[in-house]
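Undergrad: Before anything else, here's the structure in question.
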Amino acid sequence: MTEATILIPRLLLALLLGVSGYGAWASWTGARRRDTRWIRSGRNAVYLNLALAAGAYGFLTWYFLTDAFQVAYVARNSSTLQPLLYKFSAVWGGMDGSVLLWALILAGYSAACVYATRGRSPALLPYVTATLCAVMAFFAAVLVFASNPFRTLAFEPLEGAGLNPLLQNPGMMIHPPSLYLGYVGWTVPFAFAIAALVVRKLDAEWVVAARKWALVPWIFLTLGNLLGANWAYVELGWGGYWGWDPVENSAILPWFLGSAFLHSILIQEKRDMLRTWNVSLVVITFCATIMGTFVTRSGIIESVHTFSESPVGPIFLGFLAVLALGSAALIASRADLLRSPHRMESMLSRENAFLFNNLLLVGIAFAIWWGTFFPILSEAVTGRRISVGPPFFNQVIAPLGLALLALMGIGPLLAWRRSSGPQIRRQFAWPVAAGVAASLAGLVAGRREPYAVATFTFAAFTLTTVAQELARGTAARGRIHGEPRPLALARLVSRNRRRYGGYVVHVGATCVFLGLAGNVYVTSRELALQPGQRVRVGEYDVQFESLKMRREPNYVAAVAELAVSRGGGGVRYAHPEKRIYAAAAEEQVATEVAIDGRLLEDFYAILLEPLPGGAGARVKLVVNPLVGLVWLGGAVMVLGGVLSLTTRRPAGERAPRGMSRASLRAEREAVVPGA
């Protein structure tokens, strides 16, 4: 490495800090003075930030690809034996690189926002730009002063320590960037909320402008949490996919809060209600992303997902305090403008269903936050840490989740403002019948566990609601336009992507609930087996065939071979592994599970340890029913979010060409009573 290749990326980070600060000042000054030159200069600073962040990230990637171990961060997270794929993921596999990735993504979001919204909302946009640049200045300052990935060692080691073996999984190429895209993306809706508060324009304009910018990070958070659960399932080797780990909880918190925001803004758009709630909710969601960043980097909790203790923890905590207190003061100063001109007219209305939906989502988020941070709070107050484990989360969140599942089916059946008795009877007849039928079918089949039966009942209710909405909307459009059913359905969904994308998300969420209900029926055995020994786990016959050693460039693995058959069917072979990574600074052991996935259940095998003598092994065998529905449901939720994102017209826009207003009104009323 030459001196120039060391100094250039450091200079890029320093410039990133300076340009970010300038962009915030120029945008604010231009807005206050109504000077378009300063406003334009602030926007240009945002574009320059993207180039600077991309340049610094490019240098760090090059260091990893060329094994530049003189850079301390590279020496800690890579080695010459590390596969090329994991050298790319190692760039963000440690704390310093993850902060740089955060800055790069924030620069990308900021540039995209400034470009996409040019010429729109001229009163809001300069303050949006100023807020985005101010947040970027904070992260640039962290990179320059506290978490610089370009620090060098006094000498260049011959070999690096290597990436954490748990992170050497293909899913880690997508999981962390997806979570970061979800975390960082909430900066944009937050910036719109701050801008609306500053200029005192707190009607529906800012939520309409922020909606898509909220939907994008929601999609990525959905994908990131789904991939994280799958990574835990295939990599950690304990048989499950969600253990209520503090970092898992910190990742799912913004998802619940963001989901609440995406629902509640509909009420502000339709009825100009919940102004205070919406602006507070988007601030809390952004603060939750910073809190999650603090949790993973502070060392206050122990988790396989956290980085080691570092000086950036207090810095993020201070930033979080400034955000929370500053935003709260700004919201309080606008209390008179945040009063809604309308009130709820009936308990049996769609807006009331959305309100209860919000209360449940925020209630779940609060329960997760309380269970995650109560041990820390108890230690601070009493000096004794009281642990909170999965039983607490399961007992508190399961009933709230069931109520949320039921509301997903109830909300679309109610009209805005109020629903009449005949409307309710007509709308609820088929969904209620389907729910009752599912409940009876479960009981007849011997499935009497209360949580599972309730899940099957509400899932049938919700899925029938979605099917009914699609069927009635398709029939209405077919009658009005004389279209055949398939064409009518396709055009109905295409014209109402936001609404039907939401229904697709509800279908995916219902599948996830069904997959979670499968946890009630898990079968597990832990055994010591010798070659030729046969055992039975659930409906599976398993024979231990052999235990062999396999050597790879960067690890040595003990590999068990299991012959697996179900119900007398064909034999499949499973090969769970226990790996020892040789390139690490100290011996690191990782488990590679074997999964025989089927339509409605997985056979899951874990090699715990070889037995003395080297021929046998101790294994854990698990049968996980319905787990595939979790992955399927998560994928469907992502697709539904993408469908909603591609909507081409806001609610209430004029009828499409060739369609009269009367026809549009008739179609909308057929789809949503009282719309």
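Undergrad: With every atom except the alpha carbons ignored, what do you get for Rg and Dmax of the stretch 225-300, in angstroms?
TA: Looking at the stretch 225-300, its Cα Rg and Dmax stand at 15.8, 49 Å.
Undergrad: For the modelled label position 7 Å from the Cα of Ser565 along Cα-to-Cβ, which residues of the stretch 517-536 have backbone nitrogen atoms closer than 14 Å?
TA: It comes to 534-536, nothing else.
Undergrad: Roughly what percent of Cα-Cα pairs across the stretch 522-627 reach past 15 Å? Before the final figure, lay out the partial values.
TA: Values: 3427 of 5565 pairs.
Within the stretch 522-627, distances greater than 15 Å cover 62 percent of Cα pairs.
Undergrad: Would you compute, from DSSP H runs of 4+ residues alone, the mean residue ellipticity of the chain at 222 nm, taking -39500 (n - 2.57) per run and dividing by the full residue count, rounded to the nearest 500? Intermediate results must be reported in sequence, preceding the final value.
TA: Values: 20 runs with 412 residues, N = 675.
It lands at -21000 deg cm²/dmol.
Undergrad: If you don't mind, another one. Could you give me the percent of Cα pairs per 5 Å distance bin for the stretch 1-54, shortest bin first, beginning at zero and ending with the bin that holds the maximum distance?
TA: Pair shares across the bins are 5, 22, 23, 17, 13, 9, 6, 4, 2, 1.
Undergrad: Mean Kyte-Doolittle of at least 0.5 plus a Cα span of 20 Å or more along the axis: flag which DSSP H helices in the chain meet both, please. If you can, show how the numbers build up before the last one.
TA: Working: long enough: 3-33 (44 Å, 0.73); 36-65 (44 Å, 0.42); 95-116 (31 Å, 1.46); 125-145 (30 Å, 2.18); 205-231 (40 Å, 0.76); 246-271 (38 Å, 0.37); 275-298 (34 Å, 0.94); 312-333 (31 Å, 2.12); 350-382 (45 Å, 1.02); 390-410 (29 Å, 1.55); 421-444 (33 Å, 0.68); 450-481 (46 Å, 0.37); 497-517 (30 Å, 0.56); 627-645 (28 Å, 2.11).
The answer, listed by residue number, is 3-33, 95-116, 125-145, 205-231, 275-298, 312-333, 350-382, 390-410, 421-444, 497-517, 627-645.
Undergrad: If you average 1/r across every pair of different Cα atoms in the chain and take the reciprocal, what Kirkwood value do you get, in Å?
TA: Details: mean 1/r = 0.0365 Å⁻¹.
About 27.4 Å for the chain.
Undergrad: Please give the FRET efficiency for Leu11 paired with Leu645, using the beta carbon to beta carbon distance and R0 = 45 Å, rounded to the nearest 0.05.
TA: On the way: r = 38 Å, r/R0 = 0.84.
The value I calculate is 0.75.
Undergrad: Dividing the alpha-carbon Rg of the stretch 40-100 by 2.2 N^0.38 Å yields what?
TA: Details: Rg = 13.8 Å, N = 61, 2.2 N^0.38 = 10.5 Å.
So the Cα radius of gyration is 1.32 times the expected 2.2 N^0.38 Å.
Undergrad: Next up: FRET efficiency for Ile376 and Arg151, Cβ-Cβ distance as r, R0 = 35 Å, nearest 0.05? Don't jump to the answer; show the numbers that get you there.
TA: Numbers: r = 30 Å, r/R0 = 0.86.
With a Förster radius of 35 Å, E is 0.70.
Undergrad: Shifting gears a bit: Once you have the Cα-Cα distance between Arg343 and Lys201, take 0.36 nm times their residue separation minus that, and quote the gain in nm to one decimal.
TA: Working: separation 142, 0.36 × 142 = 51.12 nm, distance 2.00 nm.
Taking 0.36 nm per residue and subtracting the Cα distance, the gain is 49.1 nm.
Undergrad: Calculate the FRET efficiency for Glu539 and Ala398 from the Cβ-Cβ distance with a Förster distance of 25 Å, rounded to the nearest 0.05.
TA: Numbers: r = 27 Å, r/R0 = 1.07.
Calculated value: 0.40.
Undergrad: On to the next question. Assign one of three labels to the stretch 329-459, namely rounded, prolate or oblate, based on the Cα gyration tensor with a ≥ b ≥ c the square roots of its eigenvalues; rounded applies when a/c is under 1.5, prolate when it is not and a/b is larger than b/c, and oblate otherwise. Provide the component values of the computation, followed by the final result.
TA: Values: a/c = 5.41, a/b = 1.16, b/c = 4.68.
Oblate, because a/c is 1.5 or more while a/b does not exceed b/c.
Undergrad: I'd like the per residue volume of the convex hull spanned by the Cα atoms of the stretch 165-369, given in cubic angstrom. Write out the running numbers ahead of the final one.
TA: On the way: hull volume 24.4 nm³, N = 205.
Convex hull of Cα atoms, per residue: 119 Å³.
Undergrad: Something else now. Using a 7 Å offset from the Cα along the Cα-to-Cβ direction at both Leu84 and Thr66, what is the distance between the two label points in nm, to one decimal?
TA: Calculated label separation equals 1.7 nm.
Undergrad: What percent does the relative contact order of the chain come to when contacts are Cα pairs within less than 8 Å and at least six residues apart? Mind showing how you got there, number by number?
TA: Values: 1182 pairs, mean separation 74.3, N = 675.
Once normalised by length, the contact order is 11 percent.
Undergrad: Kirkwood-based Rg over Rh for the stretch 1-163 (C-alpha set), two decimals? Mind showing how you got there, number by number?
TA: Details: Rg = 17.8 Å, Rh = 16.5 Å.
Rg/Rh for the stretch 1-163 comes to 1.08.
None of the figures in this text is laboratory data; all of them are computed from the coordinates on show. These numbers were taken from a predicted model, which means no experiment stands behind them. Backbone-built Cβ (ideal geometry, glycine too); neighbour counts: all protein chains shown.
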